[in-house]
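This report concerns only the one structure given below.
Read-outs throughout are calculated quantities, based only on the coordinates presented, and are distinct from any laboratory measurement. These numbers come from a predicted model, not from an experiment. All Cβ positions, even for glycine, are placed from backbone atoms using ideal geometry, and neighbour counts span all protein chains on display.
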Amino acid sequence: MQKQPKIVLFIGAPSTGKTSVLNYLIDIGYCCFEEISRQVVQEARKEGYQHLFKNKPLLFSKKLLEGRKNQFSRAQKQEKTFVFIDRGLPDITAYLDMVNTAYPQEFIEANIDHRYDCVFWFPLWRDIHIFDDERYEDFELSQNIENHLINSYNTLGYDLIEVPKHAVEDRVKFILSHLEHNA
């Protein structure tokens, strides 16, 4: 019987370096699942929604919920020691809480039913914070997002491991070292 991999999650406000670290891990041969919200944003634009989360946060979040549950399920089936995922299910409820949008019980159940083995938190870092076509959050909004993310994961009983603000390679070394010492 195959042992399930440890599912390692990266969380943090937009533009904190999660994707850069994930891409580095991919380059050195690790199994990683990229953030899917950009895909949801791009698909929504094709359907005529310029800012789906701003205009219909629950619809956007339902699309994310299904996508992230699917990612989690696929991650569990990997024949690897570690699988890395950029953003998790509790991010969804954190964002909805931030914009004071009620959500169905299925969102809460998804947070309970899909537990990550290790959660690394990428703190807000003004020096690398940028905007692009899918990232509309200014630094102040990113601070609000960060507060809601931390609260959401802490409420669910996760111990967040803060990733130091260093070069990508050093961040990867920190993460892998932590995982190896706590395997």
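Details
- A simple packing score, the average count of other Cβ atoms within 10 Å per residue, orders the peptides 21-32, 40-51 as 21-32, 40-51, with the highest score first.
- Within the range 6-181, the ratio Rg/Rh, alpha carbon atoms throughout and Rh by Kirkwood, equals 0.94.
- Dipole in debye (nearest 20) - the chain, about Cα centre, beta carbon charges: Lys, Arg +1; Asp, Glu -1: 440
- Farthest towards the positive end of the charge dipole of the chain, among the residues S73, C31, S15, is the Cα of S73, using unit charges on the Cβ of Lys, Arg, Asp and Glu.
- Cβ-Cβ distance of R115 and L58, R₀ of 25 Å, FRET efficiency by 1/(1 + (r/R0)^6): the value works out to about 0.55.
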